[in-house]
Structure formats: C-alpha cells, structure tokens
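The values are calculated or read from the model by the stated rules, or taken from the named source; none is laboratory data. The shown structure was predicted, so the numbers you read here are calculated from the model rather than taken from an experiment. Backbone-built Cβ (ideal geometry, glycine too); neighbour counts: all protein chains shown. Remember, those area values only see protein heavy atoms, side chains included, never the ligands or the DNA or RNA. Shrake-Rupley method; radii C 1.70, N 1.55, O 1.52, S 1.80 Å.
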Amino acid sequence: MRVLVVEDLEELAQTVAVGLRREGMAVDVALDGAAALERTSANHYDVVVLDRDLPGLHGDDVCRALAGAGHPARVLMLTAAGTIDDRVTGLGIGADDYLPKPFAFAELIARIRALARRAVPALPTVLVHGDLRLDPATRIATRDGRRLPLSPKEFAVLELLLIAGGSVVSAEQLLERCWDEFADPFTQTVKVTVSRLRRKLGDPPLIETVPQAGYRI
C-alpha cells in the first residue's frame, strides 16, 4: 500500500516512515498541511496518517479538504489530545480512525492495515489465486504450501496484481502504488522486480506480460 505521513516534527515523521517502509509500505512524507494537499492531489494514497495539530493549515482543515474532494484515501488522525470530545470531533470531520499520541508502533501498523482493507470494494483478508495465498497482515505468501522468500517490493507487486483480480496493471500503476515519490519513472525497476518475482513463484508461470499494457495474474 502507499501511505502519506503528515507530521510537522521531521524526526518523528522520518522515524515513522522508516518503520512503515520496513513493513513493506511505500511511504511519502509531508511536513505541513499545504504540502499534504499538494501530494494527495498528485498521487494515489491508500492511507493518510495525519497529525491533527499541524501549524499553519490545521490537520482538521486538511481532513475536511480530503473529504470534500472525495479523495479515496483513508485518514488516520494522530493527536496528543486523547479526550473523547477530541476523538468525536476528529471522526466527525471525515477521519476514518483516530490514534492518540504517544502510540505503540505495532498498533499504528495494525490500524493502517485495517484501514487499507476497508477499500471499495472491500478486500478479502487473505488473497488467493489457485495454489497461491497472500496474507497482507502477516506478510506471508505461499504457493502450494511453500513459503515464498519475497522482498517487500516483490510482495507489494504481487499483492497489487492479486487485488486487480485478473485485470491488467500497468508498470506506471505498479510504480505509483508500490514505490514512493522518489522513484525514477524511467528506470527498469518494475520490470526487474517482476522478473525476480516470476522466478520465486516458480512453475507453472502465474504473471502474464500484456504487450504495451502491463502485467496480470
């Protein structure tokens, strides 16, 4: 999944981003509300982790703007204020979930993944295609009962292809959803990742290349 972390404390933002990347997520960072709206207008995000207490453009205003624009991202609101009234207000302006600071990183991961599963249409807990099974929560993929030693990017590409349900996914879509904003669109990174993924999946082949279009399972 692709996640935007919006937090004005740069050290905290980068710490969270590094942790999420270790969990196989593609992560961008915005240090203020204006930058957050700029990024969400240009990129597709599955989840926006939004600090409510932003200077300048407040997190509430960012949340309202995303909801008003019909942005598909789920919003996880973070705040140092943890009263019931604060949570009610945050949820009332369009946030999908609310997590008070300080928080346990394991809980943050769990909440992000839970929000990502609430896509439209709703995604199954485990993705299955024939003898291939992929569990996004445990980060385990198996084929014919054999655990696949996938890198985070290989796992992300396989997950997106399975979610597509047989539809073609272009290299550009894979790059946008599985890598962050610093990925070079002119590299061969998607092609190389798909090639490694094919080898690890084994025979019979599962990933089809559709000329001039992309890939599908």
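Report those helices (runs of 4 or more DSSP H) wholly inside the range 1-83 carrying at least 2 residues which are closer than 16 Å to K101 by Cβ and open to solvent by 50 Å² or more (accessible area, probe 1.4 Å).
Working: elements: 10-22, 33-42, 59-68.
By residue number, 10-22.
Would you call L150 assigned to a loop (DSSP other than H, G, I, E, B) and under 19 Å from G202 (Cβ atoms)?
yes
Have a look at L206, L134 and point out the one that is touching a residue at least 60 places away in the same chain (Cβ under 8 Å) and either over 20 Å from I112 (Cα atoms) or not in a helix (DSSP H, G or I) (or both).
Just one listed residue meets the conditions, L206.
Does the range 163-177 hold any residues that are surrounded by 13 or more Cβ atoms within 10 Å (Cβ to Cβ) and either free of Cβ contacts under 8 Å to residues at least 40 places away in the same chain or in contact with a Lys or Arg (Cβ under 6 Å, 6 or more places away or on another chain) (or both), and which are they?
Initial filter on the range 163-177 (surrounded by 13 or more Cβ atoms within 10 Å (Cβ to Cβ)): 163-164, 168-171, 173-177.
Selection gives V168, L175, R177.
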